[in-house]
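The structure appears below as C-alpha coordinates.
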Amino acid sequence: GRHSSSPRRLTRTAPAPSREGLGPGMGAPMALRACLMCTIALVSAARAMMTLEPEVFASKVIKEDELQYFKFRIMPSVPAVKVMLIPVYGDADLLLSFNGPYPSINNATWVMDEVGVEELLIRRSSDDFCQFEPCFLYMTVSGYELTEYKLIIYNIASPETINTEFCAPGCAAFDLSDGVCDPKCNTTQCTYDAGDCIISQKTSLCAPGCPTSWINDRTCDEACYNVECKWDGSDCAHQGRGAGSAAAKADGEGGDKKGASASVFACADGCLPEWIGDGECDEACNTQKCLFDGDDCHHGHHECFSDPRGRDYRGTVSRTEKGYTCQSWAEQFPHQHARTHANFPDAGLGGHNHCRNPDGEMSPYCFTTDPVMRWDYCDVGSPNLKGCEEEDDDDDDDDDDDDDND
(Lines give C-alpha, C1' and ligand atoms only; values in the text may rest on other atoms or scores of the structure.)
Protein backbone atom coordinates (compact mmCIF):
# COMPACT_ATOMS: atom_id res chain seq x y z
CA GLY A 1 0.00 0.00 0.00
CA ARG A 2 0.95 3.65 -0.24
CA HIS A 3 1.49 4.33 3.46
CA SER A 4 4.91 2.75 3.67
CA SER A 5 5.56 3.34 7.35
CA SER A 6 2.08 2.57 8.70
CA PRO A 7 0.97 -0.84 9.99
CA ARG A 8 -1.43 -2.91 7.93
CA ARG A 9 -5.07 -3.00 8.91
CA LEU A 10 -6.39 -6.05 7.06
CA THR A 11 -8.89 -7.32 9.61
CA ARG A 12 -12.11 -5.79 10.82
CA THR A 13 -14.40 -6.83 13.65
CA ALA A 14 -18.11 -6.27 13.23
CA PRO A 15 -19.36 -3.78 15.83
CA ALA A 16 -21.52 -5.16 18.62
CA PRO A 17 -25.09 -3.85 18.49
CA SER A 18 -26.08 -1.30 21.11
CA ARG A 19 -28.57 -2.21 23.81
CA GLU A 20 -30.55 0.88 22.85
CA GLY A 21 -33.58 0.14 20.68
CA LEU A 22 -34.10 -3.47 21.80
CA GLY A 23 -37.58 -2.53 22.94
CA PRO A 24 -39.21 -2.33 26.39
CA GLY A 25 -39.86 -5.42 28.38
CA MET A 26 -37.15 -7.56 26.74
CA GLY A 27 -35.61 -9.92 29.21
CA ALA A 28 -31.92 -10.66 29.29
CA PRO A 29 -32.23 -13.89 27.21
CA MET A 30 -34.28 -12.16 24.50
CA ALA A 31 -31.99 -9.15 24.50
CA LEU A 32 -28.94 -11.43 24.20
CA ARG A 33 -30.56 -13.36 21.36
CA ALA A 34 -31.37 -10.10 19.58
CA CYS A 35 -27.75 -9.01 19.96
CA LEU A 36 -26.48 -12.31 18.61
CA MET A 37 -28.84 -12.28 15.64
CA CYS A 38 -27.87 -8.69 14.85
CA THR A 39 -24.18 -9.56 15.03
CA ILE A 40 -24.66 -12.59 12.77
CA ALA A 41 -26.52 -10.44 10.25
CA LEU A 42 -23.76 -7.83 10.28
CA VAL A 43 -21.03 -10.43 9.85
CA SER A 44 -22.94 -12.21 7.06
CA ALA A 45 -23.47 -8.95 5.21
CA ALA A 46 -19.82 -8.00 5.65
CA ARG A 47 -18.68 -11.41 4.29
CA ALA A 48 -20.93 -11.51 1.23
CA MET A 49 -19.15 -13.28 -1.63
CA MET A 50 -19.33 -11.79 -5.13
CA THR A 51 -18.77 -13.95 -8.23
CA LEU A 52 -16.54 -12.73 -11.04
CA GLU A 53 -17.04 -13.68 -14.68
CA PRO A 54 -14.17 -13.93 -17.19
CA GLU A 55 -13.16 -10.63 -18.82
CA VAL A 56 -15.90 -8.67 -17.03
CA PHE A 57 -14.94 -5.72 -14.83
CA ALA A 58 -16.07 -5.61 -11.24
CA SER A 59 -16.20 -1.86 -10.51
CA LYS A 60 -16.41 -1.09 -6.81
CA VAL A 61 -15.84 1.60 -4.20
CA ILE A 62 -14.37 0.43 -0.91
CA LYS A 63 -13.99 2.36 2.33
CA GLU A 64 -10.91 2.51 4.52
CA ASP A 65 -10.54 -0.74 6.51
CA GLU A 66 -13.42 -2.35 4.60
CA LEU A 67 -13.12 -5.86 3.17
CA GLN A 68 -14.84 -7.16 0.01
CA TYR A 69 -14.83 -10.79 -1.10
CA PHE A 70 -14.86 -12.43 -4.53
CA LYS A 71 -14.59 -15.86 -6.11
CA PHE A 72 -13.79 -16.93 -9.66
CA ARG A 73 -14.24 -20.39 -11.12
CA ILE A 74 -11.42 -21.67 -13.33
CA MET A 75 -12.58 -24.29 -15.79
CA PRO A 76 -10.46 -27.47 -16.29
CA SER A 77 -9.50 -26.48 -19.85
CA VAL A 78 -7.93 -23.14 -18.80
CA PRO A 79 -4.10 -23.35 -18.44
CA ALA A 80 -3.66 -19.98 -16.72
CA VAL A 81 -5.45 -16.83 -15.55
CA LYS A 82 -4.33 -13.22 -15.30
CA VAL A 83 -5.68 -11.14 -12.41
CA MET A 84 -5.66 -7.34 -12.68
CA LEU A 85 -6.38 -4.83 -9.90
CA ILE A 86 -6.82 -1.27 -11.18
CA PRO A 87 -7.23 1.53 -8.61
CA VAL A 88 -8.94 4.52 -10.21
CA TYR A 89 -8.08 6.50 -7.09
CA GLY A 90 -6.94 5.56 -3.61
CA ASP A 91 -5.18 2.35 -2.59
CA ALA A 92 -6.54 -1.19 -2.25
CA ASP A 93 -4.78 -4.52 -1.67
CA LEU A 94 -5.76 -7.92 -3.05
CA LEU A 95 -5.28 -11.24 -1.21
CA LEU A 96 -5.66 -14.47 -3.21
CA SER A 97 -5.87 -18.17 -2.37
CA PHE A 98 -7.20 -21.48 -3.68
CA ASN A 99 -7.39 -22.92 -0.17
CA GLY A 100 -10.71 -21.45 0.90
CA PRO A 101 -12.91 -18.36 0.93
CA TYR A 102 -12.11 -15.09 2.71
CA PRO A 103 -8.29 -15.21 2.45
CA SER A 104 -6.52 -13.04 5.03
CA ILE A 105 -3.01 -11.69 5.41
CA ASN A 106 -2.23 -14.77 7.52
CA ASN A 107 -3.23 -17.44 4.99
CA ALA A 108 -3.24 -15.85 1.52
CA THR A 109 -1.02 -17.50 -1.08
CA TRP A 110 -0.45 -14.23 -2.96
CA VAL A 111 -0.68 -10.63 -1.79
CA MET A 112 -0.94 -7.77 -4.30
CA ASP A 113 -0.18 -4.71 -2.17
CA GLU A 114 1.84 -2.40 -4.38
CA VAL A 115 0.66 1.04 -5.45
CA GLY A 116 -0.98 1.47 -8.86
CA VAL A 117 -2.09 -1.14 -11.38
CA GLU A 118 -1.06 -4.70 -10.51
CA GLU A 119 -1.13 -7.94 -12.50
CA LEU A 120 -0.67 -11.54 -11.43
CA LEU A 121 -0.36 -14.49 -13.81
CA ILE A 122 -1.34 -17.81 -12.18
CA ARG A 123 -0.50 -20.98 -14.12
CA ARG A 124 -2.14 -24.35 -13.68
CA SER A 125 1.36 -25.86 -13.66
CA SER A 126 2.17 -23.97 -10.46
CA ASP A 127 2.59 -25.97 -7.27
CA ASP A 128 0.19 -23.55 -5.59
CA PHE A 129 -2.67 -24.06 -8.08
CA CYS A 130 -5.87 -25.69 -6.85
CA GLN A 131 -5.79 -29.47 -6.71
CA PHE A 132 -9.50 -30.27 -6.92
CA GLU A 133 -12.54 -29.59 -9.09
CA PRO A 134 -14.47 -27.40 -9.15
CA CYS A 135 -11.56 -24.99 -8.92
CA PHE A 136 -12.27 -21.61 -7.32
CA LEU A 137 -9.88 -18.72 -6.84
CA TYR A 138 -10.89 -16.78 -3.73
CA MET A 139 -10.02 -13.10 -3.26
CA THR A 140 -10.26 -10.44 -0.58
CA VAL A 141 -9.99 -6.76 -1.45
CA SER A 142 -8.83 -4.60 1.47
CA GLY A 143 -9.36 -0.85 1.44
CA TYR A 144 -6.33 0.95 2.78
CA GLU A 145 -8.19 4.20 2.22
CA LEU A 146 -11.32 5.25 0.34
CA THR A 147 -10.73 3.68 -3.08
CA GLU A 148 -12.50 3.21 -6.38
CA TYR A 149 -11.11 0.16 -8.15
CA LYS A 150 -11.72 -2.27 -10.98
CA LEU A 151 -11.02 -6.00 -10.72
CA ILE A 152 -10.90 -8.28 -13.76
CA ILE A 153 -9.67 -11.81 -14.55
CA TYR A 154 -8.70 -13.15 -17.97
CA ASN A 155 -8.46 -16.78 -19.04
CA ILE A 156 -5.05 -17.18 -20.71
CA ALA A 157 -4.71 -19.79 -23.46
CA SER A 158 -0.92 -19.55 -23.98
CA PRO A 159 0.87 -18.37 -20.83
CA GLU A 160 4.29 -19.07 -22.40
CA THR A 161 3.78 -16.35 -25.04
CA ILE A 162 1.81 -13.79 -23.02
CA ASN A 163 4.73 -11.35 -22.88
CA THR A 164 5.23 -11.30 -26.67
CA GLU A 165 1.65 -11.07 -27.88
CA PHE A 166 -0.14 -7.99 -29.20
CA CYS A 167 -3.51 -7.23 -27.66
CA ALA A 168 -4.16 -4.52 -30.29
CA PRO A 169 -2.34 -3.35 -33.45
CA GLY A 170 0.88 -1.66 -32.34
CA CYS A 171 0.33 -2.46 -28.66
CA ALA A 172 2.48 -5.21 -27.16
CA ALA A 173 1.36 -6.78 -23.91
CA PHE A 174 4.64 -5.93 -22.18
CA ASP A 175 4.10 -2.21 -22.90
CA LEU A 176 0.95 -2.07 -20.78
CA SER A 177 0.67 -0.41 -17.37
CA ASP A 178 3.67 1.89 -17.55
CA GLY A 179 1.83 4.85 -16.02
CA VAL A 180 1.16 6.59 -19.35
CA CYS A 181 -2.03 6.23 -21.38
CA ASP A 182 -1.09 4.98 -24.86
CA PRO A 183 -3.93 5.62 -27.38
CA LYS A 184 -2.99 2.45 -29.32
CA CYS A 185 -3.60 0.41 -26.17
CA ASN A 186 -6.78 2.18 -25.10
CA THR A 187 -9.03 -0.74 -26.07
CA THR A 188 -11.12 -3.29 -24.23
CA GLN A 189 -8.75 -6.07 -25.40
CA CYS A 190 -5.83 -4.23 -23.75
CA THR A 191 -7.89 -3.38 -20.65
CA TYR A 192 -7.54 0.32 -21.52
CA ASP A 193 -3.75 0.15 -21.41
CA ALA A 194 -3.96 -2.03 -18.30
CA GLY A 195 -5.77 0.72 -16.45
CA ASP A 196 -3.46 3.61 -17.38
CA CYS A 197 -6.16 5.27 -19.52
CA ILE A 198 -8.80 4.73 -16.83
CA ILE A 199 -6.68 6.33 -14.13
CA SER A 200 -5.55 9.25 -16.30
CA GLN A 201 -9.16 10.33 -16.82
CA LYS A 202 -9.57 11.13 -13.13
CA THR A 203 -6.09 11.50 -11.71
CA SER A 204 -3.02 13.57 -12.53
CA LEU A 205 0.10 11.46 -11.94
CA CYS A 206 3.70 12.61 -11.57
CA ALA A 207 4.86 8.96 -11.62
CA PRO A 208 3.04 5.62 -11.95
CA GLY A 209 0.86 5.17 -8.87
CA CYS A 210 1.48 8.66 -7.46
CA PRO A 211 -1.22 11.33 -7.90
CA THR A 212 0.12 14.86 -7.58
CA SER A 213 -2.35 15.39 -4.73
CA TRP A 214 -0.25 13.03 -2.59
CA ILE A 215 2.77 15.36 -2.64
CA ASN A 216 3.18 17.24 0.66
CA ASP A 217 0.10 15.62 2.19
CA ARG A 218 2.02 14.64 5.38
CA THR A 219 2.11 10.96 4.38
CA CYS A 220 5.29 9.35 3.05
CA ASP A 221 4.31 7.51 -0.12
CA GLU A 222 6.53 4.85 -1.66
CA ALA A 223 5.21 5.49 -5.18
CA CYS A 224 6.05 9.21 -4.87
CA TYR A 225 9.58 8.77 -3.56
CA ASN A 226 11.37 9.53 -6.84
CA VAL A 227 12.87 12.37 -8.85
CA GLU A 228 9.72 12.97 -10.94
CA CYS A 229 7.63 13.52 -7.80
CA LYS A 230 10.34 15.53 -6.03
CA TRP A 231 10.81 12.81 -3.41
CA ASP A 232 7.24 13.28 -2.15
CA GLY A 233 8.04 16.85 -1.12
CA SER A 234 8.74 17.00 2.60
CA ASP A 235 6.56 13.99 3.47
CA CYS A 236 9.43 11.50 3.80
CA ALA A 237 12.05 13.81 5.34
CA HIS A 238 11.49 12.47 8.85
CA GLN A 239 12.40 8.95 7.75
CA GLY A 240 15.96 9.98 6.97
CA ARG A 241 16.66 11.37 10.42
CA GLY A 242 18.47 8.90 12.61
CA ALA A 243 18.78 6.43 9.72
CA GLY A 244 21.40 8.43 7.88
CA SER A 245 21.70 8.65 4.12
CA ALA A 246 23.07 5.78 2.12
CA ALA A 247 23.80 8.16 -0.72
CA ALA A 248 25.65 10.52 1.57
CA LYS A 249 27.62 7.67 3.10
CA ALA A 250 28.54 6.44 -0.36
CA ASP A 251 29.89 9.92 -1.08
CA GLY A 252 31.71 10.04 2.26
CA GLU A 253 29.29 12.50 3.85
CA GLY A 254 27.15 12.34 6.98
CA GLY A 255 23.42 11.88 6.52
CA ASP A 256 21.91 12.78 9.86
CA LYS A 257 21.03 16.42 9.31
CA LYS A 258 18.09 17.75 11.26
CA GLY A 259 15.50 19.43 9.07
CA ALA A 260 17.07 18.27 5.82
CA SER A 261 14.79 17.67 2.86
CA ALA A 262 13.89 14.15 1.75
CA SER A 263 16.09 14.43 -1.32
CA VAL A 264 19.20 14.57 0.90
CA PHE A 265 18.46 11.01 1.99
CA ALA A 266 17.54 9.71 -1.47
CA CYS A 267 19.79 7.10 -3.03
CA ALA A 268 17.39 5.58 -5.61
CA ASP A 269 13.83 5.99 -6.83
CA GLY A 270 11.46 4.04 -4.60
CA CYS A 271 14.05 3.23 -1.91
CA LEU A 272 12.95 4.76 1.36
CA PRO A 273 15.78 5.44 3.84
CA GLU A 274 14.14 3.34 6.54
CA TRP A 275 14.31 0.26 4.31
CA ILE A 276 18.12 0.12 4.31
CA GLY A 277 19.35 -2.38 6.86
CA ASP A 278 15.85 -3.39 8.00
CA GLY A 279 16.39 -7.13 7.47
CA GLU A 280 14.62 -7.42 4.11
CA CYS A 281 16.37 -7.19 0.74
CA ASP A 282 14.51 -4.48 -1.20
CA GLU A 283 15.00 -4.55 -4.96
CA ALA A 284 14.86 -0.76 -5.26
CA CYS A 285 17.64 -0.41 -2.66
CA ASN A 286 19.89 -3.15 -4.02
CA THR A 287 22.22 -0.71 -5.79
CA GLN A 288 25.72 0.56 -5.18
CA LYS A 289 24.51 4.04 -4.28
CA CYS A 290 22.19 2.52 -1.67
CA LEU A 291 25.05 0.37 -0.35
CA PHE A 292 23.20 -2.72 -1.63
CA ASP A 293 20.52 -2.24 1.02
CA GLY A 294 23.06 -2.49 3.81
CA ASP A 295 23.53 -6.15 4.73
CA ASP A 296 20.01 -7.10 3.67
CA CYS A 297 20.92 -8.43 0.20
CA HIS A 298 24.12 -10.23 1.32
CA HIS A 299 26.21 -8.35 -1.24
CA GLY A 300 29.77 -9.66 -1.23
CA HIS A 301 28.88 -12.52 1.09
CA HIS A 302 31.23 -15.53 1.06
CA GLU A 303 30.13 -18.77 -0.59
CA CYS A 304 30.58 -20.92 2.50
CA PHE A 305 27.61 -22.77 4.01
CA SER A 306 27.36 -25.63 6.49
CA ASP A 307 23.84 -27.04 6.22
CA PRO A 308 23.82 -30.25 4.11
CA ARG A 309 20.84 -28.95 2.11
CA GLY A 310 22.23 -25.43 1.80
CA ARG A 311 19.48 -23.71 3.75
CA ASP A 312 22.08 -21.30 5.15
CA TYR A 313 23.62 -20.52 1.75
CA ARG A 314 23.84 -16.74 1.28
CA GLY A 315 26.23 -16.60 -1.69
CA THR A 316 25.66 -15.00 -5.08
CA VAL A 317 25.26 -17.90 -7.56
CA SER A 318 22.40 -16.85 -9.85
CA ARG A 319 22.42 -19.50 -12.61
CA THR A 320 21.09 -23.03 -12.35
CA GLU A 321 22.84 -26.33 -12.99
CA LYS A 322 21.34 -26.37 -16.50
CA GLY A 323 22.41 -22.81 -17.25
CA TYR A 324 19.14 -20.95 -16.71
CA THR A 325 19.21 -17.40 -15.32
CA CYS A 326 17.44 -17.08 -11.98
CA GLN A 327 14.30 -14.99 -11.56
CA SER A 328 14.34 -12.44 -8.74
CA TRP A 329 12.60 -13.74 -5.63
CA ALA A 330 10.72 -10.42 -5.45
CA GLU A 331 9.21 -10.92 -8.93
CA GLN A 332 6.16 -12.96 -9.90
CA PHE A 333 6.87 -13.18 -13.63
CA PRO A 334 7.32 -15.34 -15.60
CA HIS A 335 6.62 -17.70 -12.67
CA GLN A 336 4.36 -16.80 -9.77
CA HIS A 337 5.21 -18.34 -6.41
CA ALA A 338 4.78 -18.02 -2.66
CA ARG A 339 8.50 -18.14 -1.77
CA THR A 340 8.66 -14.56 -0.56
CA HIS A 341 10.36 -12.76 2.30
CA ALA A 342 6.97 -12.37 3.98
CA ASN A 343 6.42 -16.14 4.01
CA PHE A 344 10.07 -17.09 4.70
CA PRO A 345 11.57 -14.12 6.59
CA ASP A 346 14.77 -15.97 7.61
CA ALA A 347 15.59 -17.58 4.25
CA GLY A 348 17.54 -14.73 2.66
CA LEU A 349 14.93 -13.99 -0.03
CA GLY A 350 13.91 -10.60 -1.46
CA GLY A 351 15.01 -8.29 -4.25
CA HIS A 352 17.79 -10.42 -5.76
CA ASN A 353 18.07 -13.55 -7.91
CA HIS A 354 20.63 -15.58 -5.95
CA CYS A 355 19.98 -19.26 -5.34
CA ARG A 356 18.36 -20.08 -2.00
CA ASN A 357 16.60 -22.96 -0.26
CA PRO A 358 13.71 -21.51 1.78
CA ASP A 359 11.62 -24.68 2.05
CA GLY A 360 14.06 -27.55 2.61
CA GLU A 361 14.65 -28.85 -0.93
CA MET A 362 17.62 -31.12 -1.61
CA SER A 363 19.83 -28.09 -2.35
CA PRO A 364 19.53 -24.36 -3.17
CA TYR A 365 17.47 -23.59 -6.26
CA CYS A 366 15.67 -20.73 -8.00
CA PHE A 367 12.79 -20.02 -10.32
CA THR A 368 14.07 -19.24 -13.81
CA THR A 369 13.45 -16.43 -16.28
CA ASP A 370 12.55 -19.03 -18.92
CA PRO A 371 8.73 -19.23 -19.25
CA VAL A 372 8.86 -22.99 -19.83
CA MET A 373 11.40 -24.00 -17.16
CA ARG A 374 9.74 -23.16 -13.83
CA TRP A 375 12.67 -23.91 -11.48
CA ASP A 376 15.97 -25.73 -11.30
CA TYR A 377 18.62 -26.65 -8.74
CA CYS A 378 21.85 -24.63 -8.48
CA ASP A 379 25.43 -25.83 -8.14
CA VAL A 380 26.71 -23.91 -5.11
CA GLY A 381 29.46 -26.31 -4.15
CA SER A 382 29.66 -28.58 -1.12
CA PRO A 383 28.82 -27.68 2.48
CA ASN A 384 31.58 -27.09 5.00
CA LEU A 385 30.43 -29.41 7.76
CA LYS A 386 32.97 -27.91 10.18
CA GLY A 387 31.11 -24.62 9.97
CA CYS A 388 31.95 -21.40 8.17
CA GLU A 389 33.07 -19.57 11.34
CA GLU A 390 35.62 -22.29 12.01
CA GLU A 391 36.86 -21.95 8.44
CA ASP A 392 37.29 -18.21 8.95
CA ASP A 393 39.25 -18.91 12.13
CA ASP A 394 41.53 -21.25 10.18
CA ASP A 395 42.15 -18.51 7.63
CA ASP A 396 43.04 -16.11 10.43
CA ASP A 397 45.46 -18.69 11.88
CA ASP A 398 47.13 -19.06 8.51
CA ASP A 399 47.56 -15.31 8.31
CA ASP A 400 49.13 -15.31 11.78
CA ASP A 401 51.55 -18.05 10.74
CA ASP A 402 52.56 -16.01 7.72
CA ASP A 403 53.21 -13.01 9.96
CA ASP A 404 55.37 -15.16 12.27
CA ASN A 405 57.42 -16.41 9.32
CA ASP A 406 57.97 -12.84 8.21
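The values are calculated or read from the model by the stated rules, or taken from the named source; none is laboratory data. Fair warning: this is a prediction, and the values are worked out from it, not measured in the lab. In case anyone asks, the SASA skips ligands and DNA or RNA and just uses the protein heavy atoms, side chains included. Shrake-Rupley method; radii C 1.70, N 1.55, O 1.52, S 1.80 Å.
Per-structure values
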{"quantity": "Base-10 log of normalised Debye intensity for the range 51-170 (one unit scatterer per alpha-carbon) at q = 0.15, 0.22 Å⁻¹", "calculated": "-0.67, -1.32"}
{"quantity": "Placed amide H near Met50: partners under 5 Å, 5+ positions off or other chain", "calculated": "Tyr69, Phe70, Lys71"}
{"quantity": "Under-5 Å amide H pairs with Asp65, H placed in peptide plane, nonlocal only", "calculated": "Gly143, Tyr144, Glu145"}
{"quantity": "Note, ³J(HN,Hα) from phi for the range 123-128, Karplus 6.51, -1.76, 1.60, rounded to Hz, x at Gly and Pro", "calculated": "9, 5, 6, 5, 4, 8"}
{"quantity": "J(HN,Hα) series, the range 89-104, from Karplus relation 6.51 cos²θ - 1.76 cosθ + 1.60, nearest Hz, glycine and proline x", "calculated": "8, x, 8, 10, 10, 10, 10, 10, 6, 9, 7, x, x, 6, x, 10"}
{"quantity": "Nearest-10 value in Å² for the accessible area of Asp235, using the 1.4 Å probe", "calculated": "10 Å²"}
